[in-house]
1. Here are some residues: A16, A37, A31. Which one is surrounded by 14 or more Cβ atoms within 10 Å (Cβ to Cβ), at pLDDT 90 or above and either out of contact with any strand residue (DSSP E or B) (no Cβ under 8 Å at 6 or more places or on another chain) or polar (S, T, N, Q) (or both)?
2. Give just the number: which of (1) open to solvent by less than 10 Å² (accessible area, probe 1.4 Å); (2) touching a Leu at 6+ places or on another chain (Cβ under 6 Å) does R307 not satisfy?
3. In region 245-268, what residues are within 19 Å of L152 (Cα to Cα) and surrounded by fewer than 21 Cβ atoms within 10 Å (Cβ to Cβ)?
4. If you take the residues of region 364-395 that are surrounded by fewer than 23 Cβ atoms within 10 Å (Cβ to Cβ) and part of a loop (DSSP other than H, G, I, E, B), which of them is farthest from the ligand (Cβ to nearest atom)?
5. Restricting the search to region 401-443, which residues are closer than 19 Å to Q83 by Cα and part of a helix (DSSP H, G or I)?
6. Across region 151-164, what is the number of residues that are open to solvent by 30 Å² or more (accessible area, probe 1.4 Å) and either within 16 Å of the ligand (Cβ to nearest atom) or hydroxyl-bearing (S, T, Y) (or both)?
7. Taking L346 as meeting all but one of (1) closer than 20 Å to N76 by Cβ; (2) of a type outside the set (V, I, T); (3) touching a Leu at 6+ places or on another chain (Cβ under 8 Å); (4) away from the ligand (no atom under 16 Å from the Cβ), write down the number of the exception.
8. Mind checking which residues of region 167-204 are touching a residue at least 60 places away in the same chain (Cβ under 8 Å) and assigned to a strand (DSSP E or B)?
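The values are calculated or read from the model by the stated rules, or taken from the named source; none is laboratory data. What you see is a predicted model; the values in this text were computed from it and never measured. Neighbour counts are summed over all protein chains in view; Cβ atoms, including those assigned to glycine, are modelled from backbone coordinates with ideal geometry. Protein only, heavy atoms only, side chains kept; ligands, DNA and RNA dropped before computing areas. Shrake-Rupley method; radii C 1.70, N 1.55, O 1.52, S 1.80 Å.
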Amino acid sequence: MSFRQLPSVDALIRAAGTAYSDVPHELVRDAARTVLAQARASIAAGASPPDLTALVAAIHNELATVLTPSLRPLINATGVVIQTNLGRAPLSEAARAAMQTIGAGYSNLEYDLAAGERGSRHVHLESLLTRLTGAEAALVVNNNAAAVYLALIALAAGREVIISRGQAVEIGGGFRIPDVLRASGAMLVEVGTTNRTYSHDYAAAITERTALILRVHSSNFRLIGFVHEPSLAELAAVAHEHSLPLLDDLGSGTLIDTRQFGLLAEPTVQESVAAGADLVTFSGDKLLGGPQAGIIVGRRDLVSKLRRHPLARALRIDKSTIAGLAATLYSYLRGTALREIPVWQLISTPLADLQQRAETLAIRLNAAGIPACAVACESAVGGGSLPGATQPSAGVAISPVVGNATELASRLRAGRPPVVARIVDKQVLCDLRSVFPGEDEMLATALMNAWQALQ
Ligand SMILES: *Cc1c(COP(=O)(O)O)cnc(C)c1O
């Protein structure tokens, strides 16, 4: 039995020598155990026993894996600018700097410097948000799911919430509006039909148990054809006739009109506020382009109620998020958002620039013997915004000679940094819409390395 030829854990650790004297002994011991278990498994599967040098090298790799953070930066070549799985919005330089500065030391997070006494963490964002959206008051929590949940718990627990049947939907990642409503203790009253709902459907469903009317933006699907939903202003009129608040979950929400980039109109926060929504909720890290956060703007009395609810404490955001979000909002306030916020930099990149970069990349790859072509493609904006809409883009497509596109894509993901690309028509497509110009060089190297690894 060749298991006998394997060293003991202690013998293996001794063989590994003093190279790991600065690593806690338990880590080295665990790595040795893992390596020996793997060796036994491969022997059992018919392999010949690894020699001591191979085992020591395996310990080195195992320790490197254990000591390397699993969260790491990558190149997003999917073309999807706001990809939840890839971390949504990249942060602006100002946001990163602010998070670093505030994170590194003490701050007046909840301290009123003028009075020398306890203050509120909410003041740092509220005036920025009210100025930018036209709302009376604002509150920021952990994410938009938390914002909706807090609003429902604070305003509708034990009572009824009216929503169009076409909006009782799943947003993604298991966030289902009917489930959130149930979890908040509110009762869902669905009105209308999946495709058509009118103001009078809402009006007819209002009783003394009604707490509010909820509108949910259809952020990840589009109903087309024989469809109708009342406008937000019409809904506000129905709600206010009955002295009920209208809660508008915008999802992405944007402060900038997306039509200027040839995209469909994503509803803006300002429009919702102006149309009469009493509370509007949206994400900090979708089209706003900031850190993860759930932003609530609207009527002062309602925002105060949310702020006073015990759950607000459980859902509060931390100092570095406040710093990063404030820095992001200042870009909007100064009118420099398109230039400074990465999400908008990517969305507003002219097609000609992407084509030029794709050509350059293809030429470089061709020179390395890789059959790459600059191609035209379409990219989705993603992140629960602009469902069904795409933007013209450009990228490089590669058809592997050895192996297939799936294998090449997997090699790309295994690289340093990893590259996540799309597979289109049996080719690997790197869509440059979501690649920063400064990453082109790294992308070229990554493609060459992945290509080499397959040969
Ligand atoms: C994305 C989204 C949410 C969830 O927002 P998170 O910030 O991911 O928590 C809720 N509602 C809508 C309509 C959304 O698009």
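1. Numbers: A16 fails: at pLDDT 90 or above; A37 fails: surrounded by 14 or more Cβ atoms within 10 Å (Cβ to Cβ).
Going through A16, A37, A31 in turn, the sole match is A31.
2. Of the numbered conditions (1) open to solvent by less than 10 Å² (accessible area, probe 1.4 Å); (2) touching a Leu at 6+ places or on another chain (Cβ under 6 Å), the odd one out for R307 is (1).
3. Answer for region 245-268, where residues must be within 19 Å of L152 (Cα to Cα) and surrounded by fewer than 21 Cβ atoms within 10 Å (Cβ to Cβ): there is none.
4. G369
5. Matches in region 401-443: A409, S410, L412, R413, L432, R433, S434, P437, E439, L443.
6. Step one: list which residues in region 151-164 are open to solvent by 30 Å² or more (accessible area, probe 1.4 Å), which gives 153, 157-159.
Cutting the leftovers down to either within 16 Å of the ligand (Cβ to nearest atom) or hydroxyl-bearing (S, T, Y) (or both) gives us 153.
Qualifying residue count, region 151-164: 1.
7. (3)
8. I171, G172
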